[in-house]
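I'd like to ask some things about the structure below.
The values are calculated or read from the model by the stated rules, or taken from the named source; none is laboratory data. Bear in mind that the values here come from a model prediction, so they are computed numbers and not experimental data. Here the Cβ is made from the backbone with ideal geometry for all residues, glycine too, and neighbour counts use every protein chain on show.
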Amino acid sequence: MKINVVAVGKLKENYFVQAAEEYVKRCLRFAKVSVTEIAEAPPSKSAEEIKRIESEALLKHAKGDLVVMDSRGKLLTSEEIAAFVDAEATGGASEITFVIGGSYGLTEELTQRAKLVLSFGRVTFAHQLFRVALLEQIYRALTINAGLPYHK
């Protein structure tokens with residue numbers, strides 16, 4: 001299985017870069033995992049135009065079944081995320097892409113294409129921190145599915 005994370009913006013702080021790289025490295029034991037960063041739209045545009053530009057760029061890099069990260073999405077436990085990933089793999093999906101939008105969010109068109117709209121809660125996360133949290137949850141899901149004791 002291949003798992004992609006496609007996100008708007010770059011990780012700027014070295015400690016976030018290191019954390020993200022560590023989780024990707026850990027995930028590689030179980031699946032091919034990649035992270036693609038999409039440039040933020042010019043701030044001189046309207047919020048709707050920024051959403052459109054960024055969503056189009058995200059879609060160009062999204063492959064397989066889409067999981068859109070959105071605070072209005074489903075709240076799942078780590079075990080339920082693991083079950084989703086497992087069901088995708090055993091159901092014949094060869095690729096999943098987790099999509100993280102920019103500060104203005106994603107277009108409804110992109111969200112409607114998702115197989116799953118997933119939320120980590122109703123709180124707002126710093127963009128860089130959220131990417132690390134998502135990569136950790138992907139790693140956690142993979143270890144749950146492998147029967148390893150990482151998840152307690």
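Inside the range 4-23, can you point out the residues that are under 14 Å from the mean Cα position of the chain (by Cα) and farther than 18 Å from GLY101 by Cβ?
The answer is TYR23, and nothing else.
Please verify whether GLY105 is small (Gly, Ala, Ser) and closer than 17 Å to LYS60 by Cα, treating the condition exactly as stated.
yes
Residues in the range 37-45: is at least one more than 17 Å from ILE138 (Cα to Cα), in contact (Cβ under 8 Å) with a residue 12 or more places away in the chain and of a type in the set (D, E, K, R)?
Yes, that holds for at least one residue.
Take the residues of the range 8-25 that are out of contact with any strand residue (DSSP E or B) (no Cβ under 7 Å at 6 or more places or on another chain) and basic (Lys, Arg): which is nearest to LEU129 (Cα to Cα)?
In this case the residue turns out to be LYS12.
Against the definition (among the acidic types (Asp, Glu), under 19 Å from GLN137 (Cα atoms) and surrounded by 14 or more Cβ atoms within 10 Å (Cβ to Cβ)), how does GLU22 come out, yes or no?
So GLU22 fits the description; yes.
Let me ask something else. Of all residues in the range 60-101, which are aromatic (Phe, Trp, Tyr) and touching a helix residue (DSSP H, G or I) at 6+ places or on another chain (Cβ under 7 Å)?
The one that is aromatic (Phe, Trp, Tyr) and touching a helix residue (DSSP H, G or I) at 6+ places or on another chain (Cβ under 7 Å): PHE98.
Counting only residues that are surrounded by 15 or more Cβ atoms within 10 Å (Cβ to Cβ) and within 16 Å of VAL6 (Cα to Cα), which one in the range 120-132 is modelled with the lowest pLDDT?
Taking the candidates together, the pick is HIS127.
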